[in-house]
Amino acid sequence: MSDARPHLSPAQQAWRRFRRHRPAIVSAWFLATLLLLVLLWPVCLRVLGTHFAGLHSPNQLSDAQFSPPNAAHWFGTDLHGRDVFSRVLYGARISLLVGVVGALVSLVIGVLWGAIAGYTGGRTDAVMMRFVDVLYSLPTIIFVIVLLTTLGQVIKHSHWVQSSPALEGNLRVVLLFVGLGAVSWLTMARIVRGQVLSLRTRPFVEASRALGAKPHWILARHIIPNIFGIAITYLALTMPAIILYESFLSYLGLGVQPPMASWGTLVAEGVTQINPIRIYWWLIAFPGAVLVSTLLALNFLGDGLRDAWDVKNRP
Amino acid sequence: MYFVRRILFAVPLLLVISLLAFMLVKAMPGGPFDRERAHASPEVERNLRAAYHLDEPGWKQYLRYLGLLWERSPDGSLHHVSGGLLNGDFGKSTKYRNHTVNDIIAQGLPVSLLLGAVAFGFAMGLGLPIGFWTAAKRGRWEDYIGSFFTILVVCIPAFVIAPMLILGFALKWRLLPVGLWETPWHVILPSAGLGMMFVGKIARIFREGMLQAAQSEFVTAARAKGLSEYALLLRHAVRIGVLPVVSYAGPMLADLLTGSFVIESIFQIPGIGVFLVNSSLNLDAPLIVGLALLYAMLLIVLNLAVDFAYTLLDPRVKYE
């Protein structure tokens, strides 16, 4: 009668299922490699000597304008003779950072909003979720742009930036985190609320309430841990959406400002060089390809997590 | 009855949306005339602000915008201020000063509608067959290849695919024209660039829906009757399997029809997608609110159409 298999915690079971999802594993390796490359590239530039650094430093101007991909410049060079490969790797820092932090911001807002609405119920729930409905039917793009342009102006004229102008670029990145997180939490809030609604009637939560536990204790102790799987899955799926949004905003010129670059600004620079006489395809194709593969990998990762935590089949 | 109530509910929703968009713009520091190329003299700016009633308190501006403002004439009698949203007047743009918002919408919307409709047709025409095919061949190599293609396409943003289409089809091979909006040939590349991502989304949603429908009991019953797999899917599963596609198609069509900034600016098309972004950049309140309302109205109508289509497709669905 005895079961030969050892008892596994839900997290261990999820890990087992995740390992069987081959695209997700390949994606995880791809992302890890990309991250390593992004982190190690500055070190390479320093270690491999001045000649190498002179060729590849992302802000190093040179006479080799618009040279197509070759042995020295793997992704070619741009208008100012800068190495596109280096620029893509430096752009990755911004794009990935905004993706991760923006998704975390949306996670925090979404989980708190959904958990509070679902747990409190009643009129609070109704008001909070109608608010989400209304935000859903506003074009988010308007919201983001108005927020970013006006707060961008505020940053520009604030006394911090007036005293040290170098700060402006960094503050704009922080603004992107907050702005993108602030518009990407709606789906998360809806899903979390649905989960909390079903969780709060479960026996172990009722038992805890019967024992006199306070709502914030129940939320922190029982509800939040139980929506961890779903939250982590949607975190992985929100990340590509936010990276995409950031590159779109940077493409519009609302994101990071030069000389900082993200994948969006790199593609945008390539687009400005479109002309009927000469075709500089590498300016768009390489940043675009790295962007697309990252989004693809994150989506596969999200799929793998969804299968691992069995999100769909839960009540 | 259900649909009547839904339509009635749309009115307060639109009011809330207009109020939110209005408040959002007003809450932001700075005004619509801060970014003029040459800064206006205080005198001129005061006159401009007065002409657009920006010197009034916010609530009064909003009531004037709605067309619910009554003012006292010099002789003491109340009279209704003409214009306003309730009379179908979206007001004047604060940036494009020779144009009313109605003008801008009337000029740009037909272009965006055409572009969006063709892109929608492209997404459906390619997405549905791919979705059906991958569902029918589930678990086989055709499914893996098709599914990889669809997820890949979902991950390619419009601002990457559109320039590549221009470089390839217009500049390198010189097959299709770009940069104008005259012949039907000019419509092909922009709508392909716009619809490409949705091909993948539609195909993925349709595949999922078909697989779910294929597990329901009436399909098992039909299989027991000895129907072939294709006939089974085509005759029985499709009606249910297409439902998720229908509910996704509503919001998607609203997105497509209100234009795309990226596609319109890369291909230099005079649609309203460009105005959606530019109005937000310029803090052009009447234009922002007008376009937000247009989008919301489209969304509400299309979601209603989705629900109506449900009752036609699935006899089990009934709205109280």
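Points to keep in mind about this one:
- Restricting segment A:48-76 to residues that are more than 29 Å from the chain's Cα centre (by Cα) and not in a loop (DSSP other than H, G, I, E, B) leaves a set whose member that is nearest to A:GLU269 (Cα to Cα) is A:LEU55.
- Helices (runs of 4 or more DSSP H) contained entirely in segment B:1-83, each with at least 3 residues that are buried (at least 17 other Cβ atoms within 10 Å of the Cβ), modelled with pLDDT of 80 or more and more than 14 Å from every other protein chain (Cβ to nearest Cβ): B:58-66
- In segment A:144-177, the qualifying residues are those that are touching a helix residue (DSSP H, G or I) at 6+ places or on another chain (Cβ under 6 Å) and in contact (Cβ under 8 Å) with a residue 40 or more places away in the chain, and the one that is nearest to B:PRO32 (Cα to Cα) is A:THR149.
- When the helices (runs of 4 or more DSSP H) confined to segment A:107-164 are screened for residues that are surrounded by fewer than 18 Cβ atoms within 10 Å (Cβ to Cβ) and within 14 Å of another protein chain (Cβ to nearest Cβ), those reaching at least 1 such residues are found at A:122-136, A:140-157.
- Qualifying residue in segment A:149-167 (condition: at pLDDT 80 or above and touching a Gly at 6+ places or on another chain (Cβ under 7 Å)): no
- A:TYR251 being assigned to a loop (DSSP other than H, G, I, E, B), hydroxyl-bearing (Ser, Thr, Tyr) and within 12 Å of chain B (Cβ to nearest Cβ): no
- Taking (1) surrounded by fewer than 24 Cβ atoms within 10 Å (Cβ to Cβ); (2) in a helix (DSSP H, G or I); (3) not acidic (Asp, Glu) in turn, A:PRO259 satisfies each apart from (2).
- Selection within segment A:269-305 - facing another protein chain (nearest Cβ under 7 Å) and in a loop (DSSP other than H, G, I, E, B): A:ILE274, A:PRO276, A:ILE279, A:TRP281
- Number of the exception - A:GLY229 against (1) of a type in the set (Gly, Ala, Ser); (2) under 30 Å from B:ILE161 (Cα atoms); (3) away from chain B (no Cβ under 14 Å); (4) surrounded by 18 or more Cβ atoms within 10 Å (Cβ to Cβ): (2)
- Considering residues of segment B:155-169 that are modelled with pLDDT of 85 or more and more than 7 Å from chain A (Cβ to nearest Cβ) only, the residue nearest to the chain's Cα centre (by Cα): B:ALA158
- Annotation: of all residues in segment A:56-99 being among the aromatic types (Phe, Trp, Tyr) and touching a Pro at 6+ places or on another chain (Cβ under 7 Å), the one that is surrounded by the fewest Cβ atoms within 10 Å (Cβ to Cβ) is A:TYR90.
- B:ALA231 being touching a residue at least 12 places away in the same chain (Cβ under 8 Å) and either within 25 Å of B:TRP133 (Cα to Cα) or in contact with a Cys (Cβ under 7 Å, 6 or more places away or on another chain) (or both): no
- Cβ-Cβ under 7 Å pairs, at least 6 apart or on other chains, segment A:233-246 side more than 23 Å from B:SER260 (Cα to Cα) and assigned to a helix (DSSP H, G or I), far side of a type outside the set (Asp, Glu) and at pLDDT below 85: A:THR233/A:ARG306; A:THR233/A:TRP309; A:THR233/A:VAL311
- Residues that are closer than 30 Å to B:PHE33 by Cα, facing another protein chain (nearest Cβ under 9 Å) and modelled with pLDDT of 85 or more within segment B:279-318 comprise B:SER279, B:ILE288, B:LEU291, B:ALA292, B:TYR295, B:ALA296, listed in sequence order.
- You will find that of B:GLY67, B:GLY84, the residue that is in contact with a helix residue (DSSP H, G or I) (Cβ under 6 Å, 6 or more places away or on another chain) and under 26 Å from A:ILE141 (Cα atoms) is B:GLY84 and no other.
- Residues that are surrounded by 17 or more Cβ atoms within 10 Å (Cβ to Cβ) and either among the polar types (S, T, N, Q) or not in a helix (DSSP H, G or I) (or both) within segment B:284-313 comprise B:ASP284, B:ASN303, listed in sequence order.
- Per-region count, segment A:254-268, residues of a type outside the set (A, V, I, L, M, F, W, C) and facing chain B (nearest Cβ under 10 Å): 1
- Residues that are away from chain A (no Cβ under 14 Å), touching a residue at least 12 places away in the same chain (Cβ under 8 Å) and among the charged types (D, E, K, R) occur in segment B:235-257; there is at least one.
The values are calculated or read from the model by the stated rules, or taken from the named source; none is laboratory data. Keep in mind it's a predicted model, so treat the numbers as computed, not measured. Note that each Cβ is placed from the backbone with ideal geometry, even for glycine, and that neighbours are counted across all protein chains shown.
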